[in-house]
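A.B. asks: I am attaching a structure below and will ask some questions about it afterwards.
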Amino acid sequence: MHKNLKTGIHNLYAALRAAFPEDLSAIAVETDNGLSYSWADIEQASAKMANLLVSLKLPAGARVAVQVEKSVEAMMLYLATIRAGYVFLPLNTAYQSAEIEYFIGNAEPAVVVCSPKNFGWVSKIAFKAGTQSVFTLGDDRSGSLLERAVHCSDQHMPVQSAADDLAAILYTSGTTGRSKGAMLTHGNMLSNAQMLKDYWGWQKGDVLIHALPIFHVHGLFVAIHGALINGSKMIWMAKFDPKLAVQKMAEATVFMGVPTLYVRMLAEPDLTKETAKHMRLFIAGSAPLLLETFNEWKERTGQTILERYGMSETVMLTSNPYTADARYANQSERRGGTVGFPLPGVSLRVQDDSGESLPTGEIGGIQLKGPNMSSGYWRMPEKTAEEFTSDGFFKTGDVGKIDERGYVHIVGRSKDLIISGGYNVYPAEIEGYINELPGVAESALIGVPHPDFGEVGIAVVISKPGAALNADGILADLKSKLANFKIPKRCVVVPELPRNTMGKVQKNLLRDQYKATFAV
Ligand code: MLC
Ligand code: AMP
């Protein structure tokens, strides 16, 4: 067990709490539907929820799986879980029953919290998997979680956690196969949050526009930890609204978003140098930011987006510089089309397929090591072994290079992954569903450029001899089974798929053929 040197505190919540302002009656979160929460509200409500979890006498290391709409109370539930020493497992609200069944079956959570409207089907899945308690939480403060927590004490001492105690599990497909739970510890997240506070120059008076969902690394960890560990107020949007985001810039200083959010804000005529002048920092990540978007943003607002690179397994890895600080001499420019430098403490190397490290400028697989790195996948030691090298570097599945000035460029992915509006879509999963449909012989899901989502999927399908396939019917079937962001934006039925001499489908040729479908 090693103690956090900066704070002497092990528990992630306790470290965040230590940064709350002295005046706990000040506003910590202001929502888009007119509610205000003080710092005391965050402390007390998360204490009540933590006490509720403790009263359930959960086993050590118990998982709390949560699939609820975005709300401040959902954030408090996250904080309650880590302060009580349990493991938070956030789930995208778009997931449908087959997806939820897999996650719950794999993680075996002791507690599941779902939206009131989903209680029927979620609780059935959860109880079948051995879950002890199922609560509900609506985005309007309704549901059994708060009804029970209201009777609990608002005093709770965060548990003593070791830096390597598990705090969260985030499901991701990594480079291959079925979804795996990346295990993140208190130490992984706290070290990242503390380093970013410094690296991104968080300062007194900062106000964050929180516009992202809170079931992935970007909205849940980078944004929330960033604001809390600086004692900064958040302007909270339950759902991203570009007009409102531009309007709120007058009261804020920091914005974080996936590239689609920037594309949508650029479509707002009100976005000008004047409306953005109160802002200190615009941060983008989770998907490649097009150089056009980077340049247009600079032209319209006079401000340079800071692009950074991260993953569920690692939290934040690299970043363009915030400041011309002497410590980062010669590295003060935010360069579009790059993801900046490895963050302090992170080692990054580029290797070829044979495991040789490549020199500056050469393209290969990006590998990383650092205090932010997940120790592996939940109950999948063989998958962990596959994706880590023998000397402890994580194979990201991203392909890139380091240029002569030290900036990291991501030029592609060796993993078969489509990133659409910041959400990951795994072609193998969608193809598996399509291939099961009657009359389908084979399918290939490819990613093509899209003006709004950056990249979207197109399903290219061949039928069994004599079968008459209907593309719309295939899409409708997928819609009934899968999260909406995974649904291909188009489906085409073709007589054959291009193959190499080994019979493998050549997706690169298909990508080329369909690349102008949604002309960017
Ligand atoms: C919604 N749709 C999507 C989609 N989001 N399709 C593809 N990709 C997406 N991301 C679907 C809807 O279901 C709908 O389909 C249609 O597209 C249009 O919906 P919309 O109303 O325009 O979408 P909206 O609800 O506004 O959502 C768009 C969005 C959202 C960009 C705001 O996708 C979003 O919040 N993305 C952020 C994801 C994120 O936080 N990623 C961070 C991962 S962490 P239909 O058929 O119903 O009309 C990570 C690590 C790191 O990667 O580095 O940070
Ligand atoms: P996830 O597993 O959902 O966290 O997604 C992580 C993946 O998002 C990374 O492996 C990258 O492929 C991608 N990603 C994150 N940030 C960036 C970025 N700034 N540019 C390009 N890709 C990114």
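Just so it is clear, none of the values below were taken in a lab; they were calculated from the coordinates. Keep in mind that what you see is a predicted model, and the values were worked out from it rather than measured. Every residue, glycine among them, receives a Cβ derived from its backbone with ideal geometry; neighbour counts consider all protein chains shown.
A.B. asks: Enumerate by residue number the GluC sites (Glu not before Pro) in the stretch 386-435 meeting two conditions: DSSP loop (anything except H, G, I, E, B), and at most 14 other Cβ atoms within 10 Å of the site's Cβ.
C.D. replies: Filter output for the stretch 386-435: Glu404.
A.B. asks: Under a no-solvent Debye model with one identical scatterer per Cα of the stretch 163-272, what's log10 I(q)/I(0) at q = 0.19, 0.22, 0.24 Å⁻¹?
C.D. replies: Taken in order of the listed q values, log10 I(q)/I(0) reads -1.03, -1.20, -1.30.
A.B. asks: Moving to a separate point now. Pairs of alpha-carbon atoms within less than 8 angstrom and 6+ residues apart define the contacts here; what relative contact order does the stretch 307-413 have, in percent?
C.D. replies: Result for the stretch 307-413 is 25 percent.
A.B. asks: Kindly identify the stretch 418-514 as rounded, prolate or oblate by the Cα gyration tensor criterion: order the square roots of the eigenvalues as a ≥ b ≥ c, call it rounded if a/c is under 1.5, otherwise compare a/b with b/c, prolate if a/b is larger, else oblate.
C.D. replies: It is oblate, given that a/c is not under 1.5 and a/b is not larger than b/c.
A.B. asks: Placing +1 at every Lys and Arg Cβ and -1 at every Asp and Glu Cβ, with all other atoms neutral, what dipole size does the chain have around its Cα centre, in debye to the nearest 20?
C.D. replies: That gives a dipole near 320 debye.
A.B. asks: Now for a different question. What are the residues whose amide H is under 5 Å from the amide H of Phe341, where those residues sit 5 or more places off or on another chain and H is modelled from the backbone?
C.D. replies: For Phe341, whose amide H was placed from the backbone, the distant partners under 5 Å are Ser319, Asn320, Val408.
A.B. asks: Still on this model: With a Cα-only, solvent-free Debye model of the stretch 452-503, what are the log10 I(q)/I(0) values at q = 0.17 Å⁻¹?
C.D. replies: -0.64
A.B. asks: Moving on. Using the Karplus equation 6.51 cos²θ - 1.76 cosθ + 1.60 (θ = phi - 60°), what ³J(HN,Hα) coupling, rounded to whole Hz, does each residue of the stretch 360-377 give in order, writing x for Gly and Pro?
C.D. replies: 2, x, 8, 8, x, x, 7, 10, 9, 8, x, x, 8, 7, 4, 7, x, 9
A.B. asks: Averaging over all projection directions, find the projected area of the Cα convex hull of the chain and quote it in nm² with one decimal place.
C.D. replies: 24.7 nm²
A.B. asks: List the residues, sorted by chain then number, that are 5 or more residues from Arg490 or on another chain and whose placed amide H is less than 5 Å from its amide H.
C.D. replies: Ala459
A.B. asks: Looking at the stretch 307-413 from every direction and averaging, what is the projected area of its Cα convex hull in nm²?
C.D. replies: 6.9 nm²
A.B. asks: Here's another thing I want to ask about it. Rounded to whole Hz and in sequence order, give me ³J(HN,Hα) for the stretch 245-257 from the Karplus expression 6.51 cos²θ - 1.76 cosθ + 1.60, θ = phi - 60°, writing x for Gly and Pro.
C.D. replies: With the stated coefficients, the stretch 245-257 comes to 4, 5, 4, 6, 4, 5, 10, 10, 10, 10, 10, 10, x Hz.
A.B. asks: Also, I was wondering about something else. With only Lys, Arg, Asp and Glu charged, each at its Cβ (+1 for the first two, -1 for the last two), find how big the charge dipole of the stretch 307-413 is about the Cα centre; round to the nearest 20 debye.
C.D. replies: Dipole of the stretch 307-413, to the nearest 20 debye: 360 debye.
A.B. asks: If you take the charge dipole of the chain about its Cα centre, with +1 on Lys and Arg Cβ and -1 on Asp and Glu Cβ, which of Ala60, Val87, Ser463 is farthest toward its positive end?
C.D. replies: Towards the positive end, the residue furthest out is Ala60.
A.B. asks: Please list, in chain and number order, the residues 5+ apart from Glu455 or on another chain whose amide H is under 5 Å from its amide H, with Hs placed from the backbone.
C.D. replies: Under 5 Å from the amide H of Glu455 lie the amide H atoms of Gly421, His450, each far enough along the sequence or on another chain.
A.B. asks: Based on other C-beta atoms within 10 Å, arrange Ser463, Ser25, Ser332, Ser191 from fewest to most.
C.D. replies: Ser25, Ser332, Ser463, Ser191
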